[in-house]
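Structure, as structure tokens:
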Amino acid sequence: MKKIILFLTAALFFTACEDDPIIAEPGYPTDGLVLAETKNALLIASYMPASGYTFEILRATIQDLYPDEINYFSVVGDQSNPLYNGLTDSISLNQPLEPAPSLYLNDASLDLANVQESIEMKLNRKPLASVNHAVGQNDTAWLIDSKIKFWKDSTGGDFYIETYLGSTMIAANYISEGINLQTTAATGFIRNADSVSYWVKDIPNSDSSKVLFQKDSPYRHPMVLSGSSNPDFAWGVNLCEYTPFCAAFSENDLIGTEFTPIRQYILKPDSDIEGAYSPGFNFRPTFITVIWSLNNETAKFDYVNSVSTTL
């Protein structure tokens with residue numbers, strides 16, 4: 001298994017979580033949500049759409065090895081690229097993200113020489129707080145109702161919550177929109193035909209028990225950061241907006257119930273409302289809800305926990 005990951009890691013240098021929707025029980029949307037005392041990891045990629053296939057193999061391998069434990073989105077830092085989003089700048093400066101291609105895990109760049117060890121260290125920690133969410137919709141927006149539980153006492157009201165939109169789309173030349181998202185052809189991996197990028201062969205997971213990407217299936221740019229519920233501030237909303245007791249959180253405190261609701265929304269592309277992500281081509285949405293904590297000493301937003309749902 002380690003050899004597989006090391007091979008994929010090496011390939012990065014030579015080439016330059018999808019969950020089922022969470023459905024709450026009848027009643028208030030968050031009533032049926034379970035909050036486990038676990039800390040998920042957040043993997044952020046500095047992504048190059050033109051040559052991202054090896055990066056995508058590594059991402060898919062990692063999420064296959066750690067199902068439901070690692071949430072993910074890509075950021076495109078090139079402002080001239082049609083997949084660039086302004087939120088990228090804030091996130092890149094905060095982490096800070098290294099230039100593409102690179103991977104960032106929770107609060108530091110991922111050690112590509114020790115991928116498994118680095119990930120497992122992050123996953124084996126006790127969480128300060130957990131978050132879960134229910135994703136619904138109306139005619140114009142996706143509705144994200146979140147619930148948070150604190151597992152430890154914590155003073156200060158500098159916790160924030162944000163839901164990000166990650167969009168996954170076929171790497172194609174969308175001629176009618178004047179947007180070419182094809183990736184560069186690569187012998188043995190990617191071919192371009194009829195304005196679409198395709199996998200040349202089956203790409204197996206680390207133990208060859210299943211196929212991650214099927215031969216002749218379209219290549220897709222993975223969960224690219226395309227918006228958020230609070231686009232004016234990359235880190236979302238202070239938890240003080242949802243509860244009057246935010247100066248100090250105690251063990252077992254719950255926020256996001258019917259009495260302290262946390263509802264965020266992201267506009268649908270066909271809503272015809274200003275601010276909606278409407279690129280002109282189909283995409284599959286992923287909603288990544290993250291708790292951040294503002295470190296007053298470093299002025300950095302530290303990662304606390306996250307959850308994601310792909311529709």
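No lab work stands behind these numbers, since they all come straight from the coordinates. Owing to the predicted nature of the structure, the values given are computational and were not obtained by experimental measurement. Please note: Cβ atoms are built from the backbone with ideal geometry, for glycine as well, and neighbour counts cover all protein chains shown.
How would LYS152, LYS210 line up from fewest to most surrounding beta-carbon atoms within 10 angstrom?
Fewest to most other Cβ atoms nearby, the residues stand as LYS210, LYS152.
How many angstrom separate the Cα center of the range 43-95 from the Cα center of the range 128-168?
Using only Cα atoms to place each centre, the spacing works out to 20 Å.
Label the range 86-157 by shape, choosing from rounded, prolate and oblate, from the square roots a ≥ b ≥ c of the eigenvalues of the Cα gyration tensor; if a/c is under 1.5 it is rounded, and otherwise prolate applies when a/b is larger than b/c, oblate when it is not.
Oblate, since a/c reaches 1.5 and b/c is not below a/b.
How big is the dipole moment of the chain about its Cα centre under a simple scheme where the beta carbon of each Lys and Arg is +1, that of each Asp and Glu is -1, and everything else is neutral? Debye, nearest 20, please.
Dipole of the chain, to the nearest 20 debye: 860 debye.
Calculate, in nm to one decimal, what ASP68 and LYS215 gain on full extension: separation in residues at 0.36 nm each, minus their alpha carbon distance.
Taking ASP68 through LYS215 to full extension adds about 50.4 nm, to one decimal.
Counting only other residues whose beta carbon sits under 13 Å from that of ALA45, what net charge do I get with K and R as +1, D and E as -1?
-1
Between ASN252 and ALA193, what is the FRET efficiency for a Förster distance of 41 Å, r being their Cβ-Cβ separation, to the nearest 0.05?
The pair ASN252/ALA193 has a calculated efficiency of 0.15.
Taking Rh as the Kirkwood radius, which is the inverse of the mean 1/r over Cα pairs, what is the Rg/Rh value for the range 236-290?
Taking Rg over the Kirkwood Rh, I get 1.13.
How much length is gained if the chain between ASN114 and ASN173 is pulled fully straight, taking 0.36 nm per residue apart and subtracting their Cα-Cα distance, in nm to one decimal?
17.6 nm
Can you compute the modelled spin-label distance between GLN79 and ASN124, with each label point 7 Å from Cα toward Cβ, in nm?
4.4
Using label points projected 7 Å from each Cα along Cα→Cβ, tell me how many nm separate ALA299 and PHE233, to one decimal.
Calculated label separation equals 1.6 nm.
Please pull out the direction-averaged projected area of the range 2-310, using the convex hull of its alpha-carbon atoms, in nm² to one decimal place.
Mean shadow area of the hull around the Cα atoms is 16.3 nm².
Using the Karplus curve 6.51 cos²θ - 1.76 cosθ + 1.60 with θ = phi - 60°, what ³J(HN,Hα) values do you get for each residue of the range 264-270, in whole Hz, with x for Gly and Pro?
Once rounded to whole Hz, the list reads 10, 9, 10, 5, 6, x, 9.
Would you kindly work out the equivalent ellipsoid of the range 148-245 from its C-alpha gyration tensor and give its semi-axes, the square roots of five times the eigenvalues, largest first in whole Å?
Three semi-axes, in Å: 41, 20, 8.
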